[in-house]
Structure formats: structure tokens, C-alpha cells
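Everything on this sheet refers to the single structure shown next.
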Amino acid sequence: MKINVVLVEPEIPQNTGNIARTCAATGGKLHLVHPLGFSLSEKALKRAGLDYWDKLDIEEHSSFKTFLNKYKPEENNMFFVTTKGKHVYSEPDYSRMNEVFVLFGKETKGLPEDILKKYLDKTIRIPMRPTLRSLNLSNSVSIVVYDILRQAEFEGLEEISKYFD
């Protein structure tokens, strides 16, 4: 199973660094869609990702339109993560998919409204109390990625700790 985490115009370097670390640890590919709210050379970004940057599969895209033209939602297993999602993130059966794209919008605005309306059936959400706006972006990525991996029985990941061997 190949997981693609797509960050559309992320704004906070620490979130992106934490997400990069999650992608490196799980074998996921990180897609960064410009414009970014920070420089990729920022210390906060590197600190959050620690020494995982050389183990990261990363692809940059000049715009969201460029990304959608290259990886067409109609031709790929693509899910748009939003608090307005039609489905709960655990509903799709990811285990039957060879490759999955999960898209997350910028911290302050989320994904573009027109895209969410166009692909409403491919929108997913993480349940939470109705009085709160949203979860932290890096936490949301971890929740969704690890559920996809759980459904795929953590294929390719170490399941037994070697700590006590």
C-alpha cells in the first residue's frame, strides 16, 4: 500500500516537520503544494523532522491546480480531509487500494470550498465535539494515516518490538 499525504499550502513549519516525520516513519510520500507559509530551510521545520529528512519521499507542486492535473482525483483513490466531510475517515475500505492520496488544507482555511463541493463523496472527516473548530493538522494526518495502515494490517512496518529481545 502506498500512502500519499498531500499538504495544500501548509502555513506552520512545525506541523509540516511533524508530518514529514510521520511520512518517513510509515513509508508515506509527502506532497507539498505551494505556496508554502514558510521556507523549507527554516530551522523549525528541520527540528520537527529531526534526522528523518533523508529518509523522506517528498514531491513539491507549484500549485494545487498543477497537483490535480498530475494526479487526477477521478483516476486515483483520493480523499479530501475536512471538518465538513461527508464520511468518517474510517469508512472507506483502504485495504483494497494499492495507492491512496489523502489531502489536507492549510491550517487557517482548510481545502478550497469548490474542490470539496466537486468531490463531496470523497470527503472524509475526523469526528469531534461540535463546539470545536478543528484538530491540529499534524495530529489529523497521523490519525488518518495510521487508520489506513491498520486496515492494511501495517504491511511493511515493524509489528513486534525488538526492545525486549
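Laboratory data are not the source of any read-out in this text; all were calculated from the coordinates shown. The structure displayed is predicted, hence computed values, not measured ones. Methodologically, a virtual Cβ is constructed for each residue, glycine included, from the backbone with ideal geometry; neighbour enumeration extends over all protein chains shown.
How much of the DSSP bridge set in the chain is antiparallel, in percent, rounded to the nearest 5? Within the chain, antiparallel bridges account for around 5 percent of the total.
The Cα-based radius of gyration of segment 2-151, divided by its Kirkwood radius, gives an Rg/Rh of 0.93.
Rounded, prolate or oblate: which fits segment 56-117, taking a ≥ b ≥ c as square roots of the Cα gyration tensor eigenvalues, rounded meaning a/c under 1.5, else prolate when a/b beats b/c? Don't skip to the end; give the middle numbers.
Working: a/c = 1.59, a/b = 1.08, b/c = 1.48.
Since a/c reaches 1.5 but b/c is at least a/b, the shape of segment 56-117 is classed as oblate.
What dipole magnitude, in Debye to the nearest 20, does the chain give about its Cα centre under +1 on Lys/Arg Cβ and -1 on Asp/Glu Cβ? Present the calculation step by step, with values, prior to reporting the outcome.
Details: 23 positive and 23 negative charges, 126 e Å.
It comes to approximately 600 debye.
The chymotrypsin sites (Phe, Trp or Tyr not before Pro) of segment 67-165 that meet both conditions, a loop assignment by DSSP and at most 12 other Cβ atoms within 10 Å of the site Cβ, are TYR163, PHE164.
Over the chain, what is the relative contact order in percent, taking alpha-carbon pairs closer than 8 angstrom and at least six residues apart? Walk me through the intermediate numbers first.
Working: 273 pairs, mean separation 44.7, N = 165.
Value for the chain: 27 percent.
Tell me the label-point distance for the pair GLU74, LEU135, using the 7 Å Cα-to-Cβ offset, in nm and rounded to one decimal. That separation, rounded to one decimal, is 3.2 nm. Per residue, the chain reaches -8500 deg cm²/dmol at 222 nm when only DSSP H runs of four or more residues are counted, each adding -39500 (n - 2.57).
In this label model, GLU113 and LYS86 are separated by 1.9 nm, measuring between points 7 Å along each Cα→Cβ vector.
Considering only Cα-Cα distances, which of the following residue pairs are longer than 32 Å: LYS70/LYS117; LYS55/LYS86; LYS55/LYS118? Pairs exceeding 32 Å: LYS55/LYS86; LYS55/LYS118.
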